[in-house]
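The values are calculated or read from the model by the stated rules, or taken from the named source; none is laboratory data. All values reported here derive from a predicted model rather than from experimental measurement. Here the Cβ positions follow ideal geometry from the backbone for every residue, glycine too, while neighbour counts run over all protein chains shown.
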Amino acid sequence: MGFVWFWIVAVMIAAYVVLDGFDLGVGILSPFLARSEDDRRMLMRSIGPVWDGNEVWLLAGGGTLYFAFPLLYASSFSGFYLPLMIVLWLLIGRGASIELRMHIDDHVWRSFFDGLFFVASALLAIFFGAALANVIRGVPLGPDQYFFLPLWTNWRVGAQPGILDWYTVIGGVVALVALATHGALWLALKAPGELENRARRAAGGLWIVLLLVTFISLPATIAVRPSVLDNYRAHPALFAIPLLVVAMLIGMLSFTKQQRPLAAFLSSCLYLVFMLVGAAAGLYPTLLPSSGDPARDITVANALTGPHSLHVGLVWWTIGLILALGYFITSYRLFRGKVSAEAGYGH
């Protein structure tokens, strides 16, 4: 059951990154692609009917983590208290910017919320990338398996790191560029006319940066935590994952040049999925590594909740997943096609 619930949590996190990732990407690109009020309205309408539903996966993933691995939840939320509070306020700010932007027909009002939309989206992408890098690198877990992290120490990876160091900065940059590219490909799929063309050109330019930071992040991860290769050596089939990451990168560029926006966007979705799956496969069965004593690692075995709860929870989780999938399939089917500045979601 531990293996099953590990991958259930991983799938829900991947679903959040893929679905809310293009929302964040649209926000990151908004000041660079929008040249007029009509452009800004189309940017908002490209995510309007789905952005709040996409965030449900973050809540569901957190709830599932709390249910299946309560020790991990308690330790992480204590040690990462400050960044988690910042993320909460950024989520509130981004939601407010989308919902309140059109409430008053005033240039200053709209400009303020446009700026908030960009800043919150960019910082969320960076924080999420840095958070994953912190998990991969490890944190200074104490004998009680709790920890405290300052915002930074000496920017080096060691037994007493900070939230920010050279490796977690790389993680933040990878997330920023990857989600910006993801958002550009979503806009190429949803936006019409010149905005679509600008989004396609942005995706092509960002792809070069994404290729570079992806290939920097892989050896950096191995240097920081060599043990991520243990599972790959034990199960050589896992080496297909980095090959699939490269294949999805090639697909993103190739389909963009062929003006096949749906195929390019799906390639971006799978790129994000395989990057996350690769990290999860390298960490398993560790959930949160210790940067000092490996004996203090939080693992599936020592963080798992009781077997009866897991079996009952699996039934209800399956029912909930079926209902959620039905909702999302219906929503995206109704939202298919291009958006316009004149009609659609009222932001």
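Listing for the model above:
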read-out	value
Some residue of region 281-297 being touching a residue at least 24 places away in the same chain (Cβ under 8 Å), of a type in the set (D, E, K, R) and in contact with a helix residue (DSSP H, G or I) (Cβ under 7 Å, 6 or more places away or on another chain)	no
Whichever residue in region 109-131 is of a type in the set (A, V, I, L, M) and touching a helix residue (DSSP H, G or I) at 6+ places or on another chain (Cβ under 6 Å) and, among such residues, is nearest to Leu72 (Cα to Cα)	Ala130
Filter result for Asp23 (crowded, with 19+ Cβ neighbours inside 10 Å, closer than 18 Å to Phe335 by Cα and among the charged types (D, E, K, R))	yes
Inter-residue pairs, beta-carbon under 8 Å, first surrounded by 10 or more Cβ atoms within 10 Å (Cβ to Cβ) and in region 325-339, second polar (S, T, N, Q), 6+ apart	Val339/Ser46
Residue match in region 9-18 (condition: crowded, with 18+ Cβ neighbours inside 10 Å and of a type in the set (Phe, Trp, Tyr))	yes
Residues satisfying the stated conditions in region 53-69, i.e. surrounded by fewer than 20 Cβ atoms within 10 Å (Cβ to Cβ), in contact with a helix residue (DSSP H, G or I) (Cβ under 7 Å, 6 or more places away or on another chain) and over 14 Å from Val17 (Cβ atoms)	Gly53, Tyr66, Phe67
Candidate set: region 126-161, residues that are in contact with a Lys or Arg (Cβ under 8 Å, 6 or more places away or on another chain) and either in a helix (DSSP H, G or I) or among the small types (Gly, Ala, Ser) (or both); chosen: the one surrounded by the most Cβ atoms within 10 Å (Cβ to Cβ)	Gly138
Selected residue (only one of Asp38, Asp52, Asp20 is closer than 30 Å to Ala264 by Cβ and at pLDDT 90 or above)	Asp20
One residue from Ser111, Ser78 being exposed (fewer than 14 other Cβ atoms within 10 Å of the Cβ), hydroxyl-bearing (Ser, Thr, Tyr), more than 19 Å from the chain's Cα centre (by Cα) and closer than 30 Å to Ala34 by Cβ	Ser111
Output for region 157-174, where each listed residue is farther than 12 Å from Val224 by Cβ and among the polar types (S, T, N, Q)	Gln160
Residue count for region 235-266, restricted to those that are without any contact (Cβ under 8 Å) to a residue 60 or more places away in the chain and closer than 18 Å to Ala202 by Cα	13
